[in-house]
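Please treat every number below as a calculation from the coordinates, not as lab data. Please read all numbers here as calculations on a predicted model, not as lab measurements. Don't worry about glycine lacking a Cβ; one is built from the backbone with ideal geometry, like all the others, and counts go over all protein chains shown.
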Amino acid sequence: MNGPGWFLDREGGLAVMRFGLLAEHGVRHGLVVRDGGRAIDEEAVYRSLASEKLTVVTEQTHSTKAADVGPGFADFFPSRLGADGLMTGEPGVTLTIHTADCVPVFLALPGGTAVGLFHCGWRGTAGGFLTKAAGEMAARYRADRAGLLAVIGPCIEKDCYPVGPEAAESFPPEVKSERPDGRWLVDLKAENRRQLLAAGLKGTNVHVSPLCTRCRDELFHSYRREGAELEGKMVAYIEAGHEEERS
Ligand SMILES: [Zn+2]
């Protein structure tokens, strides 16, 4: 199965969604999705990834804190690092984040010479997480912002995401609308894209997934759909490339 800008693949026994923009530029990455509608076993995904590579797993708190995985880093899986974003330029290191309606955002330089993953829920998005993240990646890896690639992954779409006025008030008018019942619809994808473009990324280097986690239950878990019974979460991963693979 595939669609605009994405295709399904398999890796290490996992069903994985890949994004054309990153694949075309030699960036190793994936989003673990439901396999034949089965629930995703998050711990099993981490074990599978960690059996191949040094893997970083986060304890997410809806912050705008991104951790840098540098040469001295030792806190790999099974440890969990308190952060909502990760970035690295260390070859062979695999970063992960997990989501179930929030936005998984991949940032990378071509060839994966530097990579980042960010968990953007409404709090992180409202806090300008990606503006900060793109700036940090550009500074840390001396990257030209116009050369950064970004994928705004599958998340809950605007029409499926009514929120209260207290959540909506932090968003600019162009990415939200009020419903007759006083609830607001917030477009997390549009706001995250806006932040990346404002940070200096090129529009052609930003892919926005057309998929909604709440609507596509054969592929995704959704907190809004499953509620307290949430059976699993999607795991996004990205790996920094090796020097010899860099072109
Ligand atoms: Zn939907």
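Over all distinct Cα pairs, what is the inverse of the mean 1/r for the stretch 2-245, reported as the Kirkwood hydrodynamic radius in Å? Please report the intermediate quantities before stating the final value.
Working: mean 1/r = 0.0561 Å⁻¹.
That comes to 17.8 Å for the stretch 2-245.
This model, with +1 at the C-beta of Lys and Arg and -1 at the C-beta of Asp and Glu, gives the stretch 1-78 a dipole about its Cα centre of some 160 debye. Looking at the stretch 77-174, the GluC sites (Glu not before Pro) that sit in a DSSP loop and have at most 16 other Cβ atoms within 10 Å of their own Cβ are GLU169. Lacking any other cysteine beta-carbon closer than 4.7 Å, the following Cys residues of the chain have no compatible partner: CYS102, CYS120, CYS155, CYS160.
Only Cα pairs under 8 Å and at least 6 apart count here; give the relative contact order of the chain as a rounded whole percent.
Worked out over the chain, it gives 25 percent.
Given R0 = 25 Å, the distance between the Cβ atoms of ARG183 and ALA228 translates into a calculated FRET efficiency of 0.75.
In the P(r) worked out for the stretch 29-159, what percent of Cα pairs fall beyond 19 Å?
Working: 4124 of 8515 pairs.
The calculated P(r) of the stretch 29-159 puts 48 percent of pairs beyond 19 Å.
Given R₀ = 45 Å, what would the calculated FRET efficiency be for ARG142 paired with SER51, taking r from the Cβ atoms and rounding to 0.05? Please report the intermediate quantities before stating the final value.
Numbers: r = 33 Å, r/R0 = 0.73.
Given R0 = 45 Å and the Cβ-Cβ separation, E is 0.85.
Put in line by how crowded their Cβ is, counting other Cβ atoms within 10 Å and starting with the fewest, MET1, MET137 read MET1, MET137.
Please give the per residue volume of the convex hull enclosing the alpha carbon atoms of the stretch 5-79, rounded to a whole number of Å³. Numbers along the way, then the final one.
On the way: hull volume 10.8 nm³, N = 75.
In the stretch 5-79, the Cα hull volume divided by residue count equals 143 Å³.
DSSP bridge analysis restricted to the chain gives an antiparallel fraction near 75%, rounded to the nearest 5.
Of the chymotrypsin sites (Phe, Trp or Tyr not before Pro) found in the stretch 7-100, none is in coil by DSSP with at most 10 other Cβ atoms within 10 Å of its Cβ.
For the listed peptides 50-57, 31-38, 90-97, a ranking on the average number of other beta carbons within 10 Å per residue, highest first, reads 90-97, 50-57, 31-38. Using Cβ point charges alone (K and R +1, D and E -1), the dipole size of the stretch 2-245 about the Cα centre works out to roughly 480 debye. Using a Förster distance of 41 angstrom, determine the FRET efficiency expected from the C-beta separation of ALA198 and GLU59, and round it to 0.05. FRET efficiency, ALA198 to GLU59: 0.90. The helix-based estimate of mean residue ellipticity at 222 nm for the chain, built from -39,500 (n - 2.57) per DSSP H run of four or more residues and divided by its residue count, is -5000 deg cm²/dmol to the nearest 500.
Counting other C-beta atoms within 10 Å, which of LEU188, LEU211 has the fewest, and how do the rest follow?
Working: LEU188 24, LEU211 20.
Ranking LEU188, LEU211 by Cβ neighbours within 10 Å, fewest first, gives LEU211, LEU188.
With Cα atoms as the point set, the radius of gyration and Dmax of the stretch 141-247 evaluate to 16.9, 57 Å.
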